[in-house]
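The values are calculated or read from the model by the stated rules, or taken from the named source; none is laboratory data. Keep in mind the model is a prediction, meaning the values are calculated, not measured. Reconstructed Cβ throughout: ideal geometry from the backbone, glycine too, with neighbour counts over all protein chains shown. Note: accessible area is taken over every heavy atom of the protein model, side chains too, but ligands, DNA and RNA are not part of it. Shrake-Rupley method; radii C 1.70, N 1.55, O 1.52, S 1.80 Å.
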Amino acid sequence: MRPNKRDELVRKALDVFYAKGFHATGMDTLVKETGVSKTSMYKHFRTKEELIAAVLDLRDEEFRSWLFTRMTELAETPRGQLLAMFTALAEWFEQPQFAGCMFVKASAEFQDHAHPLYRQSTKHKQLILDHLAELANHAGAADPQKLARQLLTLKEGATALAAMSATPSPATDALATAQLLVQTQLPES
């Protein structure tokens, strides 16, 4: 079944915003890059921010689905899945279109903590944190929230360093630290 025009627009706009940023991408650029007319864009979205919100919804859904599925494919146990996150990240970082975290970019461009796009970005991180805490709980962590926060911090740091090409293997470096955290905070299985 062919996706509808709105879905096509959101999909194409995601790629443009991811590569070029939100503020730097005007409607004329979106028209040129997506092949969708301004009239059609405004038919589906009253403002550019509404389009950005739809793009962030799509990215959140796709990224979390990919990450959580990949973690499950790479490891059978909750403990293993916590560590597998870093293997999945290494795969993401190696993709040619990798350009960092879209949600970090959005929160940097919409810095007012009350702004809906900022809140949408923090919600994405919270959903990942919740998943990590659930895995940590199932793995037997004494303080699942603490372990989840620490692993999320490593994930975010690795992603930022990968986007900046600041170190040769940020996911591997983060994994080594994550292994130490897991060893000290989870009982041996």
Tell me the mean residue ellipticity at 222 nm calculated for the chain from its helices only (DSSP H runs of n ≥ 4, each -39500 (n - 2.57), averaged over every residue, nearest 500). -25000 deg cm²/dmol
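Which length gain, in nm to one decimal place, applies between ALA176 and GLU188 when the Cα-Cα distance is subtracted from 0.36 nm times their residue separation? Don't jump to the answer; show the numbers that get you there.
Numbers: separation 12, 0.36 × 12 = 4.32 nm, distance 1.72 nm.
Result: 2.6 nm gained on full extension.
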Using only Cα atoms, find the angle between the long axis of helix 78-93 and the longest principal axis of the chain, and express it within 0 to 90 degrees, rounded to the nearest 10. 40
Whole-Å distance, taken between Cα centres, linking region 1-39 and region 116-189: 31
Restricting to lysine pairs 8 or more places apart or on different chains, what number in the chain have Cα atoms under 20 Å apart? 26
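Order HIS131, HIS138, HIS124 by their accessible area, 1.4 angstrom probe, all chains in place, largest first.
From most accessible down to least: HIS138, HIS131, HIS124.
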Pairs of Cα atoms under 8 Å, at least six residues apart: use those to get the relative contact order of the chain, whole percent. 20
May I ask you to derive the relative contact order of region 131-189, considering only C-alpha pairs under 8 Å and at least 6 residues apart, and to give it as an integer percent? 36
Given a 1.4 Å probe, the accessible area of the chain per residue, as a whole number of Å², is 53
If R0 is 35 Å, what FRET efficiency do you get for SER40 and GLN97 from their C-beta distance, rounded to 0.05? 0.90
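State whether region 103-189 is rounded, prolate or oblate according to the following rule on the C-alpha gyration tensor (a ≥ b ≥ c being the square roots of its eigenvalues): a/c under 1.5 gives rounded; otherwise a/b larger than b/c gives prolate, and the remaining case gives oblate. Let's see the in-between values first.
Details: a/c = 3.69, a/b = 1.39, b/c = 2.65.
The shape class here is oblate.
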At a probe size of 1.4 Å, how large is the accessible area of LEU186, to the nearest 10 Å²? 10
Under the rule a/c < 1.5 gives rounded, and otherwise a/b versus b/c splits prolate from oblate, where does region 10-94 land using the Cα gyration tensor? prolate
If a/c stays under 1.5 just call it rounded; otherwise compare a/b with b/c (prolate if a/b is bigger, oblate if not). Do that for region 92-149, with a ≥ b ≥ c from the square roots of the Cα gyration tensor eigenvalues. oblate
Using a 1.4 Å probe on heavy atoms of the protein chains only, the accessible area for GLU91 in Å², nearest 10, reads 60
I'd like the orientation of helix 170-185 relative to the chain: the angle between its Cα long axis and the longest Cα principal axis, in ° from 0 to 90, rounded to 10. 40
